[in-house]
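Below is one structure, written out as structure tokens, with a few remarks after it.
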């Protein structure tokens with residue numbers, strides 16, 4: 001499965017997001033300027049979108065391109081469509 | 001192909017967007033309030049996202065779930081990934 | 001009002017979107033490849049986002065930065081917040 | 001400043017995101033199903049968007065509606081526009 005194959009890369013991305021969220025917590029706790037807060041949230045959003053793109057790509061390849069069983073492809077396509085539609089609201 | 005199979009439904013969606021764009025043109029040409037302009041653009045964005053969701057769904061089913069040739073699935077997955085990534089910037 | 005001041009520029013953007021929607025209609029009517037359809041919808045989405053960015057910028061300057069009446073600023077901020085939140089779902 | 005006034009509420013949101021990111025790390029580390037991974041990333045994205053909406057709303061009110069100095073409003077509008085445009089790519 002792609003999330004196992006790519007585990008190290010994906011965990012690096014997740015830990016970066018955790019680091020960013022920790023820095024955001026510090027900005028708020030220390031009453032830092034709201035401009036820095038806004039920009040830090042935008043940075044986290046970018047990192048989360050990057051992580052989503054990486055997992056969707058892996059999902060497409062593993063479960064739709066390289067999967068020979070049509071029924072399995074159908075199940076996995078439904079999962080992906082649900083996530084994609086959350087971006088298309 | 002899904003865009004042929006779903007042609008009537010998709011054309012209805014496109015013509016709705018054309019109608020909304022025409023109404024937006026009228027709002028601007030007649031110096032209408034900018035609140036109405038903002039809300040009309042948001043409505044067009046929603047309609048375009050709905051159209052994209054419909055075509056992506058058809059593409060997933062036609063070219064990835066129901067396509068038995070792995071090489072063809074690979075080509076079509078690349079097309080879809082490019083579009084999805086434009087939403088994940 | 002910014003949508004009057006920027007009318008020519010905004011109408012040019014709207015007419016470009018109308019042209020793109022017309023081209024999309026043609027792609028569908030002529031049973032063209034769905035890859036071209038997907039990419040054309042993505043192009044329209046980009047143009048609509050560009051139009052929204054231009055109008056939001058004008059709205060911010062006209063109704064929030066340069067508006068001296070606090071009550072009016074409050075009304076216009078509410079309009080803008082509603083549009084921004086539609087992007088943050 | 002709004003991020004100080006709303007500090008407790010905002011910190012609660014940030015800590016929720018940290019918790020979600022921790023749960024995502026666990027899903028990956030334990031080789032859980034990629035469907036759960038996709039859905040967890042979508043949940044984090046929703047939480048980050050909710051946090052951004054809350055901070056943008058506070059920024060609008062504090063720095064644009066209730067700020068009587070036009071020059072200060074101009075600086076703060078530029079910050080906000082930069083963040084909004086990152087959503088309009």
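Throughout, read-outs are computed from the coordinates displayed, never taken from laboratory work. Since we're looking at a predicted model, the values are computed, not measured. Because the Cβ atoms are built from the backbone with ideal geometry, glycine has one as well, and the counts that use them run over all protein chains shown.
Averaged over its residues, how many other protein chain Cβ atoms are within 10 Å of peptide A:14-22's Cβ atoms?
On the way: counts 12, 2, 1, 9, 6, 1, 2, 12, 3.
Across A:14-22, the average partner-chain Cβ count within 10 Å equals 5.
Using only Cα atoms, find the angle between the long axis of helix D:7-29 and the longest principal axis of chain D, and express it within 0 to 90 degrees, rounded to the nearest 10.
Tilt relative to chain D: about 30 degrees.
Relative to the longest principal axis of chain C, what angle (0 to 90°, nearest 10) does the C-alpha long axis of helix C:34-59 take?
10
Whose Cβ in chain C comes nearest the axis that rotates C onto A, and by how many Å?
Result for the axis mapping C onto A: C:89, 2.
For the protein assembly as shown, restrict the atom set to alpha-carbon positions and state the Rg and Dmax in Å.
Considering the protein assembly as shown through its Cα atoms, Rg and Dmax are 21.9, 65 Å.
Can you give the helix-only mean residue ellipticity at 222 nm for chain C, where every DSSP H stretch with n ≥ 4 adds -39500 (n - 2.57) and the sum goes over all residues, rounded to the nearest 500 deg cm²/dmol? Before the final figure, lay out the partial values.
On the way: 4 runs with 71 residues, N = 89.
After summing the helix terms and dividing by the residues of chain C, the value is -27000 deg cm²/dmol.
How far apart are the residue B:75 label points across copies, placing each 7 Å from Cα toward Cβ, in nm, shortest first?
3.0, 5.7, 5.8
Which three extents, in whole angstrom, do the alpha-carbon atoms of the range C:2-87 cover along their principal axes, largest first?
Per principal axis, max minus min of the Cα coordinates gives 55, 27, 13 Å.
Rounded to the nearest 0.05, what FRET efficiency is calculated for residue A:30 and residue D:16 with R0 set to 25 Å and r the Cβ-Cβ distance?
Given R0 = 25 Å and the Cβ-Cβ separation, E is 0.80.
Which of C:66, B:25 comes first, and how do the rest follow, when ranked by fewest Cβ neighbours within 10 Å? Don't skip to the end; give the middle numbers.
Values: C:66 14, B:25 17.
Taking fewest neighbouring Cβ atoms as first place, the list is C:66, B:25.
In nm, one decimal, shortest first: how far is the label point of residue B:5 (7 Å from Cα along Cα to beta carbon) from the matching points in the other copies?
Shortest to longest, the spacings are 2.7, 5.2, 5.5 nm.
Quick one: with label points 7 Å out along Cα→Cβ, list the inter-copy distances for residue B:31 in nm, shortest first?
4.9, 5.1, 7.1
In nm, to one decimal, how far is the residue B:4 label point from the residue C:7 one, both placed 7 Å along Cα→Cβ?
If labels sit at residue B:4 and residue C:7, their model points lie 4.7 nm apart.
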